[in-house]
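Single-structure report; data block below.
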Amino acid sequence: MFSRLLWLVFIVVVGGMLWFRIKRFMRKHKSSQAPMTTFQTVRCAHCGIHLPEQEALREDGNSFCCVAHQKAFKAR
Ligand SMILES: [Zn+2]
C-alpha cells in the first residue's frame, strides 16, 4: 500500500516536472519566433505611461493602460 502511494507521488512529481519543461520550451520557442523589433509600446491617453501595445486598451484611436483611465478620459 505504501509503495503504491510512493509510486503515485513519484509519477505526479516527474509528470509535473516534464510538463513544466515542455511549457518552458514552448514559451522559449514562441518568443524566438517573434523578434524584439515587433515589440511596440503605446501611450496611455490619460496618464501618459508607456505600455506594450498588446496590453493596452483601445478606443476611438486612443490607448489606455487600464479601464479606470479609459473611463477617466471619457469623463473629462
Ligand atoms: Zn493610464
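The values are calculated or read from the model by the stated rules, or taken from the named source; none is laboratory data. If you're wondering where the values come from, they're calculated on a predicted model, not measured in any experiment. When we count neighbours, we look across all protein chains shown, and the Cβ atoms used for this are built from the backbone with ideal geometry, even at glycine.
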| query | Do you know which residues across the stretch 44-56 are more than 9 Å from the ligand (Cβ to nearest atom) and surrounded by fewer than 16 Cβ atoms within 10 Å (Cβ to Cβ)? | reply | 50, 52, 53, 54, 55
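Listed here are the residues, each with its yes/no results for (1) within 19 Å of the chain's Cα centre (by Cα); (2) near the ligand (Cβ under 9 Å from one of its atoms); (3) surrounded by 11 or more Cβ atoms within 10 Å (Cβ to Cβ); (4) modelled with pLDDT of 95 or more.
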site	(1), (2), (3), (4)
24	yes, no, no, no
32	yes, no, no, no
35	yes, no, no, no
65	yes, yes, yes, yes
69	no, yes, yes, yes
75	no, no, no, no
| query | Pairs, please: C-beta under 6 Å, at least 6 apart or cross-chain, first residue assigned by TED's automatic domain parsing to the domain that holds residue 63 and in the stretch 25-53, second away from the ligand (no atom under 16 Å from the Cβ) and at pLDDT 75 or above? | reply | 53/40
